[in-house]
Every structure is written in structure tokens, then in C-alpha cells.
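Some notes on the structure that comes next.
The values are calculated or read from the model by the stated rules, or taken from the named source; none is laboratory data. The structure presented is a predicted model; accordingly, all values stated were derived computationally and were not measured. All Cβ positions, even for glycine, are placed from backbone atoms using ideal geometry, and neighbour counts span all protein chains on display.
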Amino acid sequence: MIRVRFAPSPTGYLHIGGARTFIFNWLHARHQGGVVVLRIDDTDVERNTQTSLDSIHEGLEWLELGWDEFYRQSDRLELHRQAAWAIFEKGLAYRDFTPAAALSENPAAVENPGGAPENPGGASENSGAPEHPSGGWLFNPGMRELTREQSDRRANAGEPFVLRFRVPRDSRPEVVVSDAVYGTVSKATADLEDFALLRSTGMPTYHMASCADDADLRITDILRGQEHLANTFKHVLIFEALGVEAPKTAHLPLLMAPDGAKLSKRVHGPVVSVTTYRDAGFLPHAFVNFLSLLGWSPKNDREELSRDELVELFSLDGINRSNATINFTDQEPFDPKALWLNAQHIRTLDIDELARRLMPYAQQAGFTNATPKKLRAIAPLIRERIRLLGEVATVADFFFTEPRSYNPADFIPKKGDAAMAAEALRKSKEVLATVPAFDHATLDAALRAAADELGVKAGQMFQPVRVAVCGRLNAPPLFETLEVLGRDTVLTRLEFALGIV
RNA sequence: GUCCCCAUCGUCUAGCCUGGCCUAGGACACCGCCCUUUCACGGCGGCGACGCGGGUUCAAAUCCCGCUGGGGACGCCA
């Protein structure tokens with residue numbers, strides 16, 4: 001049984017990259033009838049916020065995909081600590097008593113945490129910490145060699161320490177990872193630093209908590225962003241130290257912003273937030289469909305895929321290795337392809353569902369008279385004309401409110417003048433006041449006959465009427481629109497327009 | 001700086017592993033035409049890419065090497 005997990009840390013809202021990782025996990029699990037675990041990786045007490053946790057839930061729920069099991073790492077700290085000490089007992093980890101403060105006093109360590117010496121010649125005087133022959137911090141001096149007795153004595157005396165993994169640089173040349181996407185990737189142990197397992201506060205680090213939980217929750221497959229590929233070497237070491245089999249991994253290519261950098265909440269702002277998509281009127285599935293195509297392909301030229309098709313077609317083999325750029329600007333926050341896919345999915349919705357999904361957006365637009373019945377009547381008229389559900393506000397406004405600010409020039413038909421427009425309006429009003437029924441067929445016949453009588457083309461007849469009832473040049477088909485609006489409203493607007501032309 | 005990864009139209013991608021069917025396919029966007037009472041939908045067509053340089057081979061987008069470019073990771077963050 002496949003078991004996957006999505007493990008966000010509650011330090012910001014759910015963004016597109018996180019959503020995609022979740023979607024891939026979900027698809028991978030559902031494809032083979034597996035289990036989806038949602039695990040909140042909240043071991044960084046300093047940065048966790050309830051707002052963020054709520055945002056993650058809100059975002060994931062909106063996707064309408066669901067998950068099967070839920071955990072919070074903060075509820076499982078004892079497990080993580082036990083795992084860390086078990087590694088210590090095996091001699092595979094050691095206490096590092098180097099004060100955290102000493103490190104932050106070192107300007108180079110703060111401004112240049114990567115370890116690249118700004119002044120190579122003076123690097124050694126910075127800390128005296130062992131560095132990789134070609135740069136890069138490996139471990140703090142003296143700590144690795146402490147005997148168990150010395151270590152215990154200092155710990156018992158209350159001296160704070162962090163527990164570090166003892167990377168076996170002497171006994172083992174490299175760590176090899178077999179990734180479902182990137183293939184066999186290896187890293188020399190000489191390039192791996194002694195990473196922390198437990199902080200001086202006793203809290204587990206991400207590496208420790210993540211691995212201990214993956215083992216305990218029997219996670220079989222890990223799908224996550226490629227930024228974690230380098231961490232995987234450390235994790236392999238932890239799993240081995242724990243004596244468990246490491247889960248299979250599949251690292252996903254990163255989602256990039258148009259500026260070329262990794263998508264980030266901090267620099268790219270709300271345009272990458274899942275709720276921004278929801279609020280604008282994306283259909284959850286269209287959003288899922290769009291993200292599923294970023295870094296993955298069914299390889300059969302299909303793009304519009306239903307949820308079942310996605311589950312059916314999804315395979316790790318279809319995941320690419322190169323990063324994908326998602327297009328957005330401050331003015332247009334949505335990738336044109338996402339917009340197109342959303343429009344496509346809107347068109348496949350049946351009218352009742354479309355009307356139902358339109359309701360919140362109509363209310364949001366302030367259309368207090370929006371009823372399910374009215375939206376049901378309008379939905380077919382705008383289904384092919386909106387890309388976002390939120391566009392109901394601008395495309396269907398005249399169904400709910402009186403048109404304002406007419407542009408008199410709009411009334412003038414092609415190859416016509418104001419007199420022709422006024423004539424068309426007068427005639428229409430006369431005909432529509434007496435027409436036996438207010439339905440498409442009757443309206444069509446009556447208005448065309450009226451145009452003939454006036455000696456104008458149908459288009460010249462319809463344009464002034466359309467502008468009178470809709471307030472603008474471009475609108476849904478005229479007869480259906482008149483039908484939905486009803487005779488009284490239409491007559492009133494025609495009368496009003498007559499006063500403008 | 002060190003390590004790891006990546007490299008096909010503006011963007012998302014197919015093709016690469018198992019060289020020839022590739023005068024490189026699809027989609028979005030853009031442009032044009034058609035349909036049409038406007039808009040939209042739809043249909044048709046156009047524009048547009050194998051980063052560079054060496055190899056290997058009868059033959060390379062596909063294999064190898066180098067270069068360049070891009071990204072990521074190097075924390076008592078995740």
C-alpha cells in the first residue's frame with residue numbers, strides 16, 4: 001500500500017508550489033489506491049502561526065481533493081527525540097556544545113552563512129571551524145572528538161548543546177540516492193556537514209522530525225520540491241541510522257517566477273497564493289489541471305483533463321527534470337494558460353453547477369437580487385464569455401443593476417446615424433410592448449420584421465437595442481438577454497435610452 | 001566559494017533512455033481568414049525552438065566531452 005505525505009510548515013499562506021506538491025502526491029496516491037497523509041511540519045515554534053495553518057487548510061480544502069490522515073509534528077515531539085537519542089546511543093550522533101551566540105557574533109557567519117569567505121586569505125581567523133578543503137563548513141572543532149564521558153559531564157552540568165549527526169566521512173565515500181525523477185544522484189560524504197538533529201532547546205530539527213515521522217507513519221513515497229534533493233542525502237543517513245528502509249523519493253522540478261527566481265511568497269507576494277486564484281474565480285479542478293501540467297505531462301498531447309483522467313494518467317515517468325516558469329505580472333496575476341483552462345472547464349460545467357458556483361461571486365459583486373433562479377437563467381448566456389467566475393461581475397452586471405453612463409456614440413449603428421438609432425429604439429419599443437410572447441423565437445421574428453419595415457439591416461436594428469438594455473456594445477446574444485430581463489425592464493430601458501440618443 | 005541539478009518555439013510541453021519515421025509534434029499567447037445581430041465560442045491558416053563548440057556515426061534534438069547560461073542547496077528554517 002502506497003502512503004504519501006504532504007508536509008507543509010505553517011509559516012505563510014499556501015502558495016502555488018505547495019499546492020502543486022500536494023496535487024502530485026494526491027495523484028500519485030490515488031492512481032494506485034494509496035493513502036494521502038497531511039502532516040503539518042511545525043517544529044519551528046518561532047515562525048509558526050495559526051493564520052498560516054488556517055490558510056493551508058483553507059487552500060487545500062478549496063482544491064476539493066481531500067486527504068486521509070492528519071498529523072501535527074508538534075504532537076509527536078517525543079517520538080522525534082527518542083529517535084534522535086537512539087542515533088546518539090549508537091554513536092552516530094554527538095553533542096556539540098558550541099554556543100549559538102558565538103556563531104552569531106561572527107560577522108562572516110551571519111552575513112555569509114554559506115561559508116564563502118569574503119576574504120579568502122583571512123578565512124581561518126574567523127572561527128577556526130573545520131572547513132571543506134574547497135570551502136564550506138563541516139563541523140565545529142573539538143566537538144566531534146569529545147568522549148562520551150566528557151560529553152555526559154558537560155551535559156549534566158547544564159551546558160546547552162545541539163545534537164549533530166556524525167557524517168561517516170572516513171568509512172564511506174559517498175551517499176547514493178535513487179530518485180524516481182532524477183535518477184541516481186550521489187554526493188561525497190566529504191561534502192556533507194554534520195547537520196543538527198536536536199536544537200539546544202531540545203526541539204527536533206526538520207531533518208530529524210521529518211525522517212522520524214516518515215518512518216513512523218510508514219510513508220512509502222516522498223514527492224516534494226527539488227530544493228530538497230540535497231537534503232535527501234542527509235535523510236538517507238538518518239534512515240539508515242534508524243535502521244529503517246528509506247522511502248522512495250521523486251523530486252519535482254521547481255516552479256519559477258517570470259523573473260527567473262524560485263517562486264516565493266516573500267518576494268512574489270499574493271499573486272502566488274492559492275486563495276488569490278480562488279477569489280478571482282478559478283474552478284478548483286481547473287487550477288488542479290493547470291498545476292498538474294507544470295512539470296508533468298501525460299505525453300499524449302492532452303491538456304484538458306478531468307479529475308478521473310488525471311488520476312488514471314498520472315505517472316512518475318511523466319515528470320520532467322527542468323524547472324517550469326509560471327507567467328504572471330503585477331497587472332495580470334494569472335498565467336494565460338491557467339485562464340484558458342479555467343474557461344474550458346467552465347464550458348464543460350452543466351448549467352446548474354455553473355449557476356451554483358457563480359452565486360458567491362455575484363454576491364461578492366453586490367448583486368443583492370441574485371437568486372439561484374436568476375443565475376440559472378443567466379449562466380447559459382455567459383458560459384462561453386467568462387474565463388473566471390468573478391467575471392460575472394462585469395459581464396452580467398446589467399442583469400442585476402440598471403446600466404449607467406451610456407456612451408451616446410455606442411447607439412449609432414454601422415453606416416447609420418443618431419436618427420437611425422432613435423428610429424430603431426422607437427420601433428423596438430413599439431414592437432416589444434405588443435409582442436405576444438417574450439421568448440427567443442417571437443422576439444427574433446418581431447425584431448427582424450421591424451428592421452425590414454424600417455429598411456435597415458438587422459444588425460443596425462439590434463445594436464441600439466443592445467446598448468439600451470445592456471449599457472454597452474458587447475454583450476450576450478440579444479434575444480436571450482431580452483427574455484431573461486423581461487418585458488418591463490426592457491421597455492423601461494428603451495424609454496430611458498430614447499432620452500439620450 | 002563548494003556541492004547538486006537543469007538546458008526544444010515568448011510560456012507549458014512531445015520527441016531524447018532504445019540515433020534515421022523530425023523539412024522537430026501539440027497547447028497557450030499573438031496575427032489573419034471563416035462562422036456570426038455585437039462580444040464570445042467554434043473552424044481554418046500563419047508566426048515561432050533543438051544555447052554554443054567539439055567529437056562518435058553512413059546518419060545526432062537524440063550518444064560522449066567541453067563551454068556558456070539558468071536554478072537549487074549549503075542554519076540550533078523548513
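Mind counting the residues in the stretch A:361-379 that are outside any loop (DSSP other than H, G, I, E, B), within 18 Å of A:F282 (Cα to Cα) and touching a residue at least 24 places away in the same chain (Cβ under 8 Å)? Number satisfying all stated conditions: 4.
Can we say A:P476 is within 16 Å of RNA strand B (Cβ to nearest atom), in contact with a helix residue (DSSP H, G or I) (Cβ under 6 Å, 6 or more places away or on another chain) and either on the phi > 0 side of the Ramachandran plot or assigned to a helix (DSSP H, G or I) (or both)? No; evaluated as a whole, the condition is false for this residue.
Only one of A:G459, A:G455 is farther than 17 Å from A:P403 by Cα and near RNA strand B (Cβ under 9 Å from one of its atoms). Can you tell me which? Being farther than 17 Å from A:P403 by Cα and near RNA strand B (Cβ under 9 Å from one of its atoms) holds for just one of A:G459, A:G455, which is A:G459.
Looking only at residues of the stretch A:215-243 that are of a type in the set (A, V, I, L, M, F, W, C), in a helix (DSSP H, G or I) and within 15 Å of RNA strand B (Cβ to nearest atom), we find that the one that is nearest to A:G295 (Cα to Cα) is A:L229.
I'd like to know if the stretch A:444-457 contains one or more residues that are under 25 Å from A:V395 (Cα atoms), out of contact with any Phe, Trp or Tyr (no Cβ under 8 Å at 6 or more places or on another chain) and either of a type outside the set (K, R) or at pLDDT below 95 (or both). Checking the stretch A:444-457: not a single residue is under 25 Å from A:V395 (Cα atoms), out of contact with any Phe, Trp or Tyr (no Cβ under 8 Å at 6 or more places or on another chain) and either of a type outside the set (K, R) or at pLDDT below 95 (or both). With a requirement of 2 or more residues that are modelled with pLDDT under 95, none of the strands (runs of 3 or more DSSP E) lying completely within the stretch A:1-116 satisfies it. Inspect the stretch A:419-434 for any residue being farther than 17 Å from A:F496 by Cβ, surrounded by fewer than 19 Cβ atoms within 10 Å (Cβ to Cβ), charged (D, E, K, R) and touching a helix residue (DSSP H, G or I) at 6+ places or on another chain (Cβ under 7 Å) and give the result as yes or no. No, that holds for no residue.
Applying the criterion of at least 1 residues that are more than 14 Å from RNA strand B (Cβ to nearest atom) to the helices (runs of 4 or more DSSP H) found wholly in the stretch A:244-344 leaves A:274-280, A:284-292, A:307-313. Residues in the stretch A:186-202 that are within 8 Å of RNA strand B (Cβ to nearest atom) and either within 15 Å of A:R72 (Cα to Cα) or of a type in the set (V, I, T) (or both): A:T201 only.
Considering the stretch A:289-331, the residues that are closer than 21 Å to A:A261 by Cβ and among the hydrophobic types (A, V, I, L, M, F, W, C) include one that is surrounded by the fewest Cβ atoms within 10 Å (Cβ to Cβ), namely A:A324. In summary, A:R164 fulfils each of the numbered conditions (1) among the charged types (D, E, K, R); (2) modelled with pLDDT of 95 or more; (3) within 28 Å of the chain's Cα centre (by Cα) with the single exception of condition (3). How about the stretch A:22-73: which of its residues are within 15 Å of RNA strand B (Cβ to nearest atom), within 19 Å of A:G269 (Cα to Cα) and surrounded by 21 or more Cβ atoms within 10 Å (Cβ to Cβ)? Scanning the stretch A:22-73 gives a single hit, A:I56.
Here A:R164 clears all of (1) near RNA strand B (Cβ under 9 Å from one of its atoms); (2) among the basic types (K, R); (3) surrounded by fewer than 20 Cβ atoms within 10 Å (Cβ to Cβ) except the condition numbered (3). Yes or no: the stretch A:398-418 includes at least one residue that is hydrophobic (A, V, I, L, M, F, W, C) and in contact with a strand residue (DSSP E or B) (Cβ under 7 Å, 6 or more places away or on another chain). No, the conditions are met nowhere in the stretch A:398-418. Only one of the listed residues (A:R144, A:R153) is surrounded by 12 or more Cβ atoms within 10 Å (Cβ to Cβ), more than 12 Å from RNA strand B (Cβ to nearest atom) and modelled with pLDDT under 95. That residue is A:R144. Number of residues in the stretch A:380-396 that are of a type outside the set (A, V, I, L, M), crowded, with 19+ Cβ neighbours inside 10 Å and in contact (Cβ under 8 Å) with a residue 60 or more places away in the chain equals 2. The conditions of being more than 23 Å from A:R20 (Cβ to Cβ) and away from RNA strand B (no atom under 16 Å from the Cβ) are met by A:A86. Within the stretch A:216-266, the set of residues being surrounded by fewer than 18 Cβ atoms within 10 Å (Cβ to Cβ), over 30 Å from A:D335 (Cα atoms) and either without any contact (Cβ under 8 Å) to a residue 12 or more places away in the chain or in contact with a Ser or Thr (Cβ under 7 Å, 6 or more places away or on another chain) (or both) comprises A:E240, A:G243, A:E245, A:K248.
Please pick out the residue among A:A393, A:A437 that is outside any loop (DSSP other than H, G, I, E, B) and either farther than 27 Å from A:R347 by Cβ or in contact with a helix residue (DSSP H, G or I) (Cβ under 9 Å, 6 or more places away or on another chain) (or both). Exactly one residue qualifies, and that residue is A:A393. Restricting the stretch A:203-214 to residues that are in contact with a helix residue (DSSP H, G or I) (Cβ under 6 Å, 6 or more places away or on another chain) and within 16 Å of A:V236 (Cβ to Cβ) leaves a set whose member that is nearest to RNA strand B (Cβ to nearest atom) is A:H207. Is at least one residue of the stretch A:181-201 in contact with a strand residue (DSSP E or B) (Cβ under 8 Å, 6 or more places away or on another chain), among the acidic types (D, E), in a helix (DSSP H, G or I) and surrounded by 17 or more Cβ atoms within 10 Å (Cβ to Cβ)? There is no residue in the stretch A:181-201 that is in contact with a strand residue (DSSP E or B) (Cβ under 8 Å, 6 or more places away or on another chain), among the acidic types (D, E), in a helix (DSSP H, G or I) and surrounded by 17 or more Cβ atoms within 10 Å (Cβ to Cβ). When we screen A:L305, A:L293, A:L283, A:L316 for residues that are within 24 Å of A:Q364 (Cα to Cα) and either at pLDDT 95 or above or touching a helix residue (DSSP H, G or I) at 6+ places or on another chain (Cβ under 8 Å) (or both), the only hit is A:L283.
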